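K.L.:
Below you will find the structure I want to go over with you.
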Protein chains: 2
Amino acid sequence: MSVAAYLEKNKDRFLQELFNLLRIPSVSADPKFKGDVVAAANFVKNSLEKAGADRVEICETPGFPIVYGEKIIDPKLPTVLVYGHYDVQPADPYELWDSPPFEPVLKKTAIHPEGAIFARGAADDKGQFYMHIKAFEAMMATGDLPCNVKFMIEGEEEIGSDNLDKFVLANKERLKADVILISDTHMIGMDNPSITVGLRGMAYMEVEVTGSNRDLHSGTYGGAVANPINVLCQLIASLKDENEYITIPGFYEKVQELSAAQRQRLNEAPFSLEDYKSKLDIKEVQGEKGYSTIERIGIRPTLDVNGIWGGYTGEGAKTVLPSKAFAKISMRLVPDQDWHEITTLFENHFKAIAPASVTVKVKVHHGGAPAVVSDSSLGYQAAEAAMEETFGKRPIPTREGGSIPIVALFQKELGSDPILFGFGLDTDALHSPNEHYGVKNYLIGIETIASFFRHFSTLQGK
Amino acid sequence: MSVAAYLEKNKDRFLQELFNLLRIPSVSADPKFKGDVVAAANFVKNSLEKAGADRVEICETPGFPIVYGEKIIDPKLPTVLVYGHYDVQPADPYELWDSPPFEPVLKKTAIHPEGAIFARGAADDKGQFYMHIKAFEAMMATGDLPCNVKFMIEGEEEIGSDNLDKFVLANKERLKADVILISDTHMIGMDNPSITVGLRGMAYMEVEVTGSNRDLHSGTYGGAVANPINVLCQLIASLKDENEYITIPGFYEKVQELSAAQRQRLNEAPFSLEDYKSKLDIKEVQGEKGYSTIERIGIRPTLDVNGIWGGYTGEGAKTVLPSKAFAKISMRLVPDQDWHEITTLFENHFKAIAPASVTVKVKVHHGGAPAVVSDSSLGYQAAEAAMEETFGKRPIPTREGGSIPIVALFQKELGSDPILFGFGLDTDALHSPNEHYGVKNYLIGIETIASFFRHFSTLQGK
């Protein structure tokens, strides 16, 4: 039986298994889901074992475990390392979900007429890493596995992969591979397959502004004592100028400027600004002056407030002048910005601009390096050929705005370029309510991954 | 028996009764306390009846009821109208209270060595209006009531007194009085009695800024799509300039400027900036350039964000670019600013400055007029004499930053100046966790109110 026939025969089961995985609320950021994150690790372990992997192991870390498994059919054959993550983003705000985030359902949408799976983690990253386990199962079951394969599926990607570095450093030999596959990105569209070759890095901070030692009556004190919310707003507003240029001294110092030719190529990717605005229901985009939307996402750093809170946020009105205000602020970074450096620049700047009427604390949540990967390696060529086979169209290289901090780590420590082999769409609502993943994307992904193994084996054999 | 002897004999019971009233969580802003607000109205009704009032009535309104009661001993005698409110501010944040907000306890503090009552509403306004009922009880019991008295105790002061205007207009005859007493303000200190002659008005708004139609991944979209939190911060920051001057066009147009002599008199009130900063634990005050702290509170309008929220505010980090951000913003107004006009100016300005990348909604919560009352009326003279009698020191007139919107209403509709006869301190933590009211303030307040009745009767008789 061919891989394609096996896939066709088993696709309903493949979907049901993914549904079972999606039912586990493995939110790594929230301590109350701790047990569920561990349950998801066990699910991955069982799946790898059933698919035929050897030496499957739950590798403990000071945080959540990394699940490892492998199938070495012949040490002389090329080896593929698959990376993914079984943890998911928090699901709030729950009230904006049309169906409960951890009760996956199939629904048809305009973009997914064959149906999409709605659940937290459907695309990011459960639906995407699980394709690799199913492709592996299919190749094993049909006697068609042409390369050795290793799996490393972690549980802390959404909180900064704090313990992955040490694991990678301590297991360099075990993780040795000729190519690394990561499906945690998206394509331009089903009609426009693409492969991500650039990712932004990140520095994520939480700031706390304190005025007086207690909440005050806004009548008795308003106008005479610093209001930490007003001050926080002023501080945040001052971090960008009228051209949306970030004002932190030194912030842009290491930003790689692309040549005019490189920028032109980037802007040749299919993109409709009208379509983009219409899907988001916005009248205008907003970003750094002098750059296109594709460039703003792909090659320029940015700063976003991811959360803000302070004072009275309940029903009705309360005339309080609060003692404290808070914000979570993240910066997306591009080559060659260093997130440790940027973190320090931010901290120093934010404290320096705070007025004497308040005190400011800056807490560093996590960070990650930006990355650019080759679009000419053997692995890239194999991915290109596989996508051309299943999509009927040659994929184009793109730069995505998201961050997979471990890409730079893999480049540095494991010495090979990861292939960012994502099959999602940017409309999948990652990190948002109603996250989903197309059934067609899931199935074509499995097929394409198997095809990659064949092409990679052939190219390596040449 | 003298009023003073009656008070001494009954003071423990007077405290216990106030405790019982404070146990009712009559938070008018929060629908879940609806039943409790009504229970507080009934408590007031019973207290008035027991103290000896006639025609006690729970007057229904479309919101919470107004409790009315009176004692007309002789139509030819002068009449005192007492106003107060039995509703309280929300108690959040609960975690900052040292004892539960609706379980009153007595604790000694540096400022209150004889003890203070800690509970939401202890000073604002339950502890203060209840003094009037107890003073009335004492005068009745000792056969020493020298004036007619009317009580109007409402339940919507903390949410804008929406239904009081209609009640006052419909009951002008019933509410007719020679003076109105309101104890809902504070004095400079136990050693520095004062009477408030100026109050700021208020306009309270809630704003909503919407970017895209759903929460987005801050990597995939960050830098290219407006972030409503960043935009909200920019909008709020732009509402004040570097001198803390409010930038809304027309905002200051009707602000009464005081003469140099008036400003000097105001600044003669006892005030230590070092002490003020030390009590609030701040290094510097912050306010409109060119004005002292006393002036910033008393005679200048201001704008404060009372609450802000948007994006992810839970534990850890979430890389979301939210769809919406919100803020509650209130402006304190001074004579002759009109809160309806200011509301319109704010709305128009806020919408005008919003960039095309977002949509903005402005909701008006409530508002109230600023007020200045005479410091030479017969009522004021009687209050002055009463305080001099009980405190041993002549009170000085001050301007307070808070708002009692109905003062302007009473001036206009009932034709007499209310006396802002407050006995609290500005350290009482009104609207804050650990609100309290000194036991001594409570008892001296009752005594002073009874003294007021005697002086007022004498002055009116002259």
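The values are calculated or read from the model by the stated rules, or taken from the named source; none is laboratory data. For clarity, every value in this text was computed on a predicted model and none was experimentally measured. All Cβ positions, glycine included, derive from the backbone under ideal geometry; neighbour counts span all protein chains shown.
K.L.:
Applying the selection to the stretch B:190-202, what residues are within 11 Å of another protein chain (Cβ to nearest Cβ) and part of a loop (DSSP other than H, G, I, E, B)?
P.N.:
B:ARG200
K.L.:
Go through the stretch A:59-118 and give me each residue that's crowded, with 21+ Cβ neighbours inside 10 Å and among the small types (Gly, Ala, Ser).
P.N.:
Within the stretch A:59-118, A:GLY69, A:GLY84, A:ALA91, A:ALA116 meet the criteria.
K.L.:
Quick test of your reading of the structure: A:ASP275 fulfils all but one of (1) over 30 Å from B:THR185 (Cβ atoms); (2) at the interface with another protein chain (Cβ under 7 Å from one of its Cβ atoms). Name the failing condition by number.
P.N.:
(2)
K.L.:
Only one residue in B:ASP417, B:ASP375, B:ASP428 is closer than 29 Å to B:ALA119 by Cβ and acidic (Asp, Glu), so which one is that?
P.N.:
B:ASP428
K.L.:
If I ask for residues that are within 21 Å of A:PRO433 (Cβ to Cβ) and at the interface with chain A (Cβ under 7 Å from one of its Cβ atoms), which ones from the stretch B:203-220 would you list? Show your work before the answer.
P.N.:
We begin by selecting, within the stretch B:203-220, every residue within 21 Å of A:PRO433 (Cβ to Cβ); these are B:208-220.
Selection gives B:GLY211, B:SER212, B:ASN213, B:ARG214, B:ASP215, B:LEU216, B:HIS217, B:SER218, B:GLY219, B:THR220.
K.L.:
Here's another thing I want to ask about it. With the condition kept exactly as written, say whether any residue in the stretch B:353-370 is in contact with a helix residue (DSSP H, G or I) (Cβ under 8 Å, 6 or more places away or on another chain) and in a helix (DSSP H, G or I).
P.N.:
Checked against the condition, which is being in contact with a helix residue (DSSP H, G or I) (Cβ under 8 Å, 6 or more places away or on another chain) and in a helix (DSSP H, G or I), the stretch B:353-370 yields at least one hit.
K.L.:
On to the next question. Any chance you could count how many residues in the stretch A:301-324 are more than 7 Å from chain B (Cβ to nearest Cβ) and not in a loop (DSSP other than H, G, I, E, B)? Write out each step before concluding.
P.N.:
Kept after step one, since they are more than 7 Å from chain B (Cβ to nearest Cβ), are these residues of the stretch A:301-324: A:301, A:303, A:322-324.
Pick out the ones that are also not in a loop (DSSP other than H, G, I, E, B) and you get A:303, A:324.
Of the residues in that region, 2 qualify.
K.L.:
Kindly provide the set of residues from the stretch B:7-24 that are crowded, with 21+ Cβ neighbours inside 10 Å and either outside the structural domain of B:GLU157 (by TED's automatic domain parsing) or farther than 17 Å from B:MET140 by Cβ (or both), ordered by number.
P.N.:
B:LEU18, B:LEU21, B:LEU22, B:ILE24
K.L.:
Within the stretch A:222-280, how many residues are small (Gly, Ala, Ser), in a helix (DSSP H, G or I) and surrounded by 12 or more Cβ atoms within 10 Å (Cβ to Cβ)?
P.N.:
1
K.L.:
So which residues in the stretch A:23-39 are within 18 Å of the chain's Cα centre (by Cα) and either more than 9 Å from chain B (Cβ to nearest Cβ) or not in a loop (DSSP other than H, G, I, E, B) (or both)?
P.N.:
Listed by number, the residues that qualify are A:PRO25, A:SER26, A:VAL27, A:VAL37.
K.L.:
Take the conditions free of Cβ contacts under 8 Å to residues at least 40 places away in the same chain, farther than 23 Å from B:THR319 by Cβ and outside any helix (DSSP H, G or I) and apply them to A:GLU173. Does it pass?
P.N.:
yes
K.L.:
Might you let me know whether the stretch B:298-305 holds any residue that is touching a Pro at 6+ places or on another chain (Cβ under 8 Å), closer than 30 Å to B:GLY223 by Cβ and either modelled with pLDDT of 95 or more or not assigned by TED's automatic domain parsing to the domain that holds B:GLU400 (or both)?
P.N.:
So far as the stretch B:298-305 goes, no, none of its residues is touching a Pro at 6+ places or on another chain (Cβ under 8 Å), closer than 30 Å to B:GLY223 by Cβ and either modelled with pLDDT of 95 or more or not assigned by TED's automatic domain parsing to the domain that holds B:GLU400 (or both).
K.L.:
I've got another one for you. Do we find that A:ALA261 is free of Cβ contacts under 8 Å to residues at least 60 places away in the same chain and aliphatic (A, V, I, L, M) in this structure?
P.N.:
Details: free of Cβ contacts under 8 Å to residues at least 60 places away in the same chain: yes; aliphatic (A, V, I, L, M): yes.
Here the answer is yes, as A:ALA261 does meet what is asked.
K.L.:
In the stretch B:134-192, which residues are under 15 Å from the mean Cα position of the chain (by Cα) and more than 30 Å from B:GLY63 (Cα to Cα)?
P.N.:
Matches in the stretch B:134-192: B:MET187 only.
K.L.:
What number of residues in the stretch B:314-325 are at pLDDT below 95 and hydroxyl-bearing (Ser, Thr, Tyr)?
P.N.:
Count: 1.
K.L.:
Taking B:PHE251, is it of a type in the set (Phe, Trp, Tyr), modelled with pLDDT of 95 or more and in contact with a strand residue (DSSP E or B) (Cβ under 7 Å, 6 or more places away or on another chain)?
P.N.:
Against the criterion (of a type in the set (Phe, Trp, Tyr), modelled with pLDDT of 95 or more and in contact with a strand residue (DSSP E or B) (Cβ under 7 Å, 6 or more places away or on another chain)), B:PHE251 does not qualify.
K.L.:
If I ask for residues that are within 7 Å of another protein chain (Cβ to nearest Cβ) and small (Gly, Ala, Ser), which ones from the stretch A:326-336 would you list? Outline the logic, then answer.
P.N.:
Going residue by residue through the stretch A:326-336, those that are within 7 Å of another protein chain (Cβ to nearest Cβ) are A:328, A:330, A:332.
A:SER330, the sole residue that qualifies.
K.L.:
Shifting gears a bit: Output the number of residues of the stretch A:112-152 satisfying the condition of being in a loop (DSSP other than H, G, I, E, B), β-branched (Val, Ile, Thr) and closer than 15 Å to A:VAL82 by Cα. Lay out the reasoning, then the answer.
P.N.:
Of the residues in the stretch A:112-152, the ones in a loop (DSSP other than H, G, I, E, B) are A:112-115, A:119-125, A:142-147.
From what's left, β-branched (Val, Ile, Thr): A:142.
Subsequent filtering for residues that are closer than 15 Å to A:VAL82 by Cα retains none.
So the answer is 0.
K.L.:
Restricting to the stretch B:1-24, give me the number of residues that are in contact (Cβ under 8 Å) with a residue 60 or more places away in the chain and polar (S, T, N, Q).
P.N.:
Counting residues in the stretch B:1-24 that are in contact (Cβ under 8 Å) with a residue 60 or more places away in the chain and polar (S, T, N, Q) gives 2.
K.L.:
Mind listing whichever residues of the stretch B:156-170 are within 14 Å of chain A (Cβ to nearest Cβ) and either surrounded by 19 or more Cβ atoms within 10 Å (Cβ to Cβ) or not in a loop (DSSP other than H, G, I, E, B) (or both)?
P.N.:
Within the stretch B:156-170, B:GLU156, B:GLU157, B:GLU158, B:ILE159, B:GLY160, B:SER161 meet the criteria.
K.L.:
Go over the candidates A:TYR204, A:TYR245, A:TYR252 one by one and state the one that is aromatic (Phe, Trp, Tyr) and closer than 30 Å to B:LEU303 by Cβ.
P.N.:
One residue alone meets the criteria, A:TYR245.
K.L.:
Given the residues A:VAL67, A:VAL56, which is the only one that is part of a strand (DSSP E or B), within 21 Å of A:ILE419 (Cβ to Cβ) and in the same structural domain as A:LEU175 (by TED's automatic domain parsing)?
P.N.:
Result: A:VAL67 is the single residue among A:VAL67, A:VAL56 that is part of a strand (DSSP E or B), within 21 Å of A:ILE419 (Cβ to Cβ) and in the same structural domain as A:LEU175 (by TED's automatic domain parsing).
K.L.:
Quick check, is B:ASP87 under 19 Å from A:ALA317 (Cα atoms), touching a helix residue (DSSP H, G or I) at 6+ places or on another chain (Cβ under 8 Å), assigned by TED's automatic domain parsing to the domain that holds B:PHE43 and not β-branched (Val, Ile, Thr)?
P.N.:
yes
K.L.:
Pairs under 6 Å by beta carbon, first residue without any contact (Cβ under 8 Å) to a residue 12 or more places away in the chain and in the same structural domain as B:PHE118 (by TED's automatic domain parsing) in the stretch B:25-38, partner crowded, with 22+ Cβ neighbours inside 10 Å and in a loop (DSSP other than H, G, I, E, B), six or more apart or different chains?
P.N.:
Once the first residue is without any contact (Cβ under 8 Å) to a residue 12 or more places away in the chain and in the same structural domain as B:PHE118 (by TED's automatic domain parsing) and sits in the stretch B:25-38, its partners that are crowded, with 22+ Cβ neighbours inside 10 Å and in a loop (DSSP other than H, G, I, E, B) give B:PHE33/B:PRO25.
K.L.:
Can I ask one more? When the stretch A:280-300 is examined, which residues are found to be within 8 Å of chain B (Cβ to nearest Cβ) and either in contact with a Cys (Cβ under 9 Å, 6 or more places away or on another chain) or farther than 17 Å from A:ALA237 by Cα (or both)?
P.N.:
Matches in the stretch A:280-300: A:LEU280, A:ASP281, A:ILE282, A:LYS283, A:GLU284, A:VAL285, A:THR293, A:ARG296, A:ILE297, A:ARG300.
K.L.:
Taking the stretch B:428-462 only, how many residues are at pLDDT below 95 and closer than 14 Å to B:THR185 by Cβ?
P.N.:
3
K.L.:
Within the group A:VAL105, A:VAL27, A:VAL67, A:VAL88, which residue is touching a Cys at 6+ places or on another chain (Cβ under 8 Å), modelled with pLDDT of 95 or more and of a type in the set (A, V, I, L, M)?
P.N.:
Going through A:VAL105, A:VAL27, A:VAL67, A:VAL88 in turn, the sole match is A:VAL67.
K.L.:
Criterion first (under 27 Å from the mean Cα position of the chain (by Cα), acidic (Asp, Glu) and over 30 Å from A:PRO78 (Cβ atoms)) does A:GLU244 satisfy it?
P.N.:
Here the answer is yes, as A:GLU244 does meet what is asked.
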